Amino acid sequence: MIDFKTAYDRVERHVEERYGIEVNISDVIDPNTGDFDGLRIQLDYTLDLELALFVLIHLFGHTVQWNVSEAFRKLGQDQNLRKSEAELSEIYLYERDATRYSIQLMHDAGVPDLDRWASDWFAADWAYLEHFYRTGEKLDVRKLLRTGQAEPLTPLAIPDFQPQRWVSRWSY
């Protein structure tokens, strides 16, 4: 049994204290569950602890990417549908590496045993995104979750960065 409350609390505290990125729980515009702008991560108040933890760590991964790369910001802000295979390959790496930063974040916050869990959630998130970019249809990401079946991801070292505010995108 995973203690999502303890994991969430440790990660949230680490994000705020180590990186100076504010984490808020509030109302997020439906159908989204979270948002980020480079200085703040916002989570919808209706999320259960498991999904709140994944959204928090994943949006932190994108926060890192947006603060270190203009190309990643542009990729993340492009919400056009009907992506080419080349664009989908680029988005896959962007999403995967956000989760790899997430895994490193959890390790740094004292949560070393959720790599498999994060990998499973990445696979569900990617299945959702790939379907969305191909069809425009939004699926229930929870129904795409296949526990213990995803390729295990490895942590990716978090580069030094100075958080900056960018235009938010109402994501995840």
Between the range 7-34 and the range 49-76, the Cα center-to-center distance that results, in Å: 11
Unit charges on C-beta of K, R, D, E only; dipole of the range 5-50, Debye: 260
Vicinal HN-Hα couplings computed from phi for the range 24-39 (Karplus, 6.51 cos²θ - 1.76 cosθ + 1.60; Hz; Gly/Pro x): 10, 10, 7, 7, 10, 4, 5, x, 6, 10, x, 8, 8, 9, x, 10
Lysine pairs in the chain with Cα atoms under 25 Å, if 8 or more residues apart or on separate chains: 5
Environment charge of residue 15, counting only residues whose C-beta is closer than 13 Å and scoring Lys/Arg +1, Asp/Glu -1: -2
Cα-centred dipole magnitude for the range 123-172, charges only on beta-carbon of K, R (+1) and D, E (-1), debye, nearest 20: 200
Fraction of antiparallel bridges per DSSP, the chain only, in percent to nearest 5: 45
DSSP bridge pairs, the range 1-71: antiparallel proportion in percent, nearest 5: 40
Mean Kyte hydropathy of 0.5 or more with a Cα span along the axis of at least 24 Å, helices from DSSP in the chain: 49-68
Sites excluded, trypsin sites (Lys or Arg not before Pro) in DSSP loops with at most 16 other C-beta within 10 Å, longest stretch of the chain: 1-81
Residues with amide H under 5 Å from that of residue 41, placed H, sequence gap 5 or more: 22, 23, 24
Among (1) 42, 37, 35; (2) 60, 43, 35; (3) 39, 36, 31, the entry derived from the coordinates for Cα extents along the principal axes in Å: (3)
Computed helical MRE - 222 nm, the chain, DSSP H runs ≥ 4 contributing -39500 (n - 2.57), nearest 500: -18000 deg cm²/dmol
Size of electric dipole in the chain: Cβ of Lys, Arg +1 and of Asp, Glu -1, about Cα centre, debye, nearest 20: 240
Residues with amide H under 5 Å from that of residue 28, placed H, sequence gap 5 or more: 45
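Values in this text are rule-based calculations from the coordinates and carry no lab data. The structure displayed is predicted, hence computed values, not measured ones. Reconstructed Cβ throughout: ideal geometry from the backbone, glycine too, with neighbour counts over all protein chains shown.
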